[in-house]
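One structure is given below, encoded as structure tokens.
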Amino acid sequence: MTLRGKTAIITGSNSGIGLGVARELARAGADVVLNSFTDSPEDHALAAGIAAEFGVKARYIKADMSKGDACRALVDAAGGCDILVNNAGIQFVAPIDAFPAAKWDAIIAINLSSSFHTIAAALPHMRKRGWGRVVNIASAHGLTASPYKSAYVAAKHGIVGLTKTVALETAQEPITCNAICPGYVLTPLVEAQIPDQMKTHGMSREDVIKKVMLERQPSRAFATVEQLGGTTVFLCSPAAEQITGTTISVDGGWTAL
Ligand code: NAD
């Protein structure tokens, strides 16, 4: 499988799943654009490391995915792309009657609206190039709900709906749009939830992992960032040409329950 000559933008890719997806796309030969809202030497070093390891072009572009203009500016600064992976996301856990409105707004902006803006900006470039792949990193929470995650679950269900709509609008073009729905993956985002969950449930770290997180995941194992990267590469392969408007669960059986 070679993606040589293709350019991929991966939002929110200086850590976790985004970085894993960027690495697997680069391994398959794609040039990659990494992104987050920071602009540190470490961010640029990540891109340089990928370029050196995989022999592709890699750069880092700062853009705050909570702002629509910045999302569109990212695509412009990259000169468009062939592959767009909407991955940037944040989480906040609280009962709905105690859920801060500012957190709701931030989650909807970063986890949902950013994809509207990047897709709108990227599609004209894909049409010009005659090929495009949009991969939205949704979640098992795009298909099912959990308590205390109102904004996250709403945003992820929204992403699944957006995926279907974009797929229909591009159905007769050489462009596909799909969502990957991971179960739990041990990334900084999940690490950060553990203390809140410990407080909410009055449990130890080990019990939160076993009884709250992996309780829903029948495999009782975390999915890995490499598996999510591999699934993204598959969606960019010729075998996936007729796969559009759908969700692929990488969740150890969670949504089969
Ligand atoms: P993470 O915290 O490791 O990574 C999130 C990334 O988004 C980081 O690179 C961060 O810098 C970036 N980001 C956050 N706010 C941003 C902003 N305003 N602008 C630009 N970038 C921003 O988390 P992760 O677990 O790798 O999550 C990545 C995606 O995968 C998210 O959309 C998340 O909802 C989804 N997901 C994660 C899991 C899991 O178990 N980890 C499960 C299902 C879905």
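With respect to the conditions (1) near the ligand (Cβ under 8 Å from one of its atoms); (2) assigned to a loop (DSSP other than H, G, I, E, B), A192 falls short on a single one, namely (2).
Among the residues of the range 163-181, those identified as touching a Ser or Thr at 6+ places or on another chain (Cβ under 6 Å) and either open to solvent by 20 Å² or more (accessible area, probe 1.4 Å) or within 11 Å of the ligand (Cβ to nearest atom) (or both) are A179, I180, C181.
Of all residues in the range 213-226, those satisfying the criterion of being closer than 24 Å to G158 by Cβ and either part of a helix (DSSP H, G or I) or open to solvent by less than 20 Å² (accessible area, probe 1.4 Å) (or both) are M213, Q217, A223, V225. Here E206 passes the criteria (1) away from the ligand (no atom under 16 Å from the Cβ); (2) assigned by TED's automatic domain parsing to the domain that holds E173 except the one numbered (2). As a summary of the residue check, A8 satisfies the conditions (1) small (G, A, S); (2) open to solvent by less than 10 Å² (accessible area, probe 1.4 Å); (3) more than 16 Å from the ligand (Cβ to nearest atom) except for the one numbered (3). Please pick out the residue among E53, E24 that is surrounded by fewer than 16 Cβ atoms within 10 Å (Cβ to Cβ) and charged (D, E, K, R). So the residue among E53, E24 that is surrounded by fewer than 16 Cβ atoms within 10 Å (Cβ to Cβ) and charged (D, E, K, R) is E53. Going by the structure shown, is V153 within 12 Å of the ligand (Cβ to nearest atom), in the same structural domain as S13 (by TED's automatic domain parsing) and of a type in the set (V, I, T)? Yes; evaluated as a whole, the condition is true for this residue. Please determine whether any residue of the range 241-255 is open to solvent by less than 30 Å² (accessible area, probe 1.4 Å), touching a Lys or Arg at 6+ places or on another chain (Cβ under 9 Å) and of a type in the set (A, V, I, L, M). No; the residues of the range 241-255 include none that is open to solvent by less than 30 Å² (accessible area, probe 1.4 Å), touching a Lys or Arg at 6+ places or on another chain (Cβ under 9 Å) and of a type in the set (A, V, I, L, M).
Being in a helix (DSSP H, G or I), assigned by TED's automatic domain parsing to the domain that holds K164 and touching a residue at least 60 places away in the same chain (Cβ under 8 Å) is the filter; apply it to the range 235-257 and report the residue that is farthest from V134 (Cα to Cα).
Only one residue fits best here, namely A240.
Answer yes if at least one residue in the range 160-179 is within 24 Å of A26 (Cα to Cα), within 19 Å of the chain's Cα centre (by Cα) and outside the structural domain of R27 (by TED's automatic domain parsing), and no otherwise. The answer is no; no qualifying residue exists. Listed by first and then second residue, the pairs with beta-carbon distance under 9 Å, at least 6 apart or on different chains, first residue in the range 117-144 and within 29 Å of V185 (Cα to Cα), second aromatic (F, W, Y), are S139/Y152; A140/Y184; A140/W254; H141/Y152; L143/W254; T144/W254.
The values are calculated or read from the model by the stated rules, or taken from the named source; none is laboratory data. This structure is a prediction, so every number in the text was calculated from the model and none was measured. Using ideal geometry, Cβ is built from the backbone for each residue, glycine included, and neighbour counts are taken over all protein chains shown. In case anyone asks, the SASA skips ligands and DNA or RNA and just uses the protein heavy atoms, side chains included. Shrake-Rupley method; radii C 1.70, N 1.55, O 1.52, S 1.80 Å.
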